[in-house]
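What follows draws every value from the coordinates through simple rules; no lab data is involved. Small disclaimer: the values here were computed from a predicted structure and weren't measured. Virtual Cβ from ideal backbone geometry, glycine too; neighbours counted across all protein chains shown.
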Amino acid sequence: MDTEQVRLVPWAEGDFWLLERTNSPEMTDHLGGPESEEKLVARHRRYVELSSGRMYRVTLADGGETVGSVGFWQREWRDSLIWETGWGILPEFQGRRLAAQTARAVVEEARAAGEHRYLHAFPSVEHTASNSVCRRAGFTLLGQAEFEYPKGHWLTSNDWRFDLTGGDGG
């Protein structure tokens, strides 16, 4: 899949504004709603200081306009360490297949980082668009899982997996 329309720029101190933009009710509907300013500041610190994985600002390759964010980070999942990924494309850029290109670009970054065989995404089962992104980006649907995110908010997610070694096609 073509990833030429997007570029991943490592998250930096000056990217806090993007967290504020993606903290809208529309963008957080499937994640338990907007976070407080205090939680956003803490999230920004985690993004800047992430030592296992990496967060990115997503820009258009032609012109450099910021369209969203994406990242991958380590987590324990079913007694193994994996990479987990998540993304958000700003509303005015949605519907252009940029999210699928972004997901494919982060697959390449996670593959280059090594360390783990699998990259997982866990969108809510009700989030049709994110589940479609996983499918278009080449992830394999493994089934459903219950997640607590944010703390105190349980949701049913789909477990999508990408085999970074190319071993099982997903």
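When the helices in the chain are scored as -39500 (n - 2.57) per DSSP H run of 4 or longer and the sum is shared across all residues, what 222 nm value do you end up with, to the nearest 500 deg cm²/dmol?
On the way: 5 runs with 48 residues, N = 170.
That calculation yields -8000 deg cm²/dmol at 222 nm.
Give me a comma-separated list of calculated 3J(HN,Hα) values for region 11-24, in order, Karplus coefficients 6.51, -1.76, 1.60 applied at θ = phi - 60°, integers in Hz, x for any Gly or Pro.
Going residue by residue, I get 4, 9, 3, x, 9, 4, 3, 5, 4, 4, 5, 7, 8, 7 Hz, with x marking Gly and Pro.
For region 6-163, what's the relative contact order in percent, using C-alpha pairs closer than 8 Å and at least 6 residues apart?
Numbers: 266 pairs, mean separation 30.7, N = 158.
Relative contact order for region 6-163 comes out at 19 percent.
Once a ≥ b ≥ c are taken as the square roots of the eigenvalues of the Cα gyration tensor of region 6-163, is the result rounded (a/c under 1.5), prolate (a/b larger than b/c) or oblate (a/b not larger than b/c)?
Working: a/c = 1.24, a/b = 1.13, b/c = 1.09.
The shape class here is rounded.
For region 6-163, with the dipole built from +1 on Lys and Arg beta-carbon atoms and -1 on Asp and Glu ones, taken about the Cα centre, which of Phe16, Ala103, Phe72 lies farthest toward the positive end?
Going by the Cα projections, it comes out as Ala103.
What is the packing order of peptides 130-137, 49-56, taking the mean over residues of other C-beta atoms within 10 Å and listing the highest first? Could the numbers behind the result be given before it?
Values: 130-137: 19.9, 49-56: 16.4.
In decreasing order of mean packing, 130-137, 49-56 become 130-137, 49-56.
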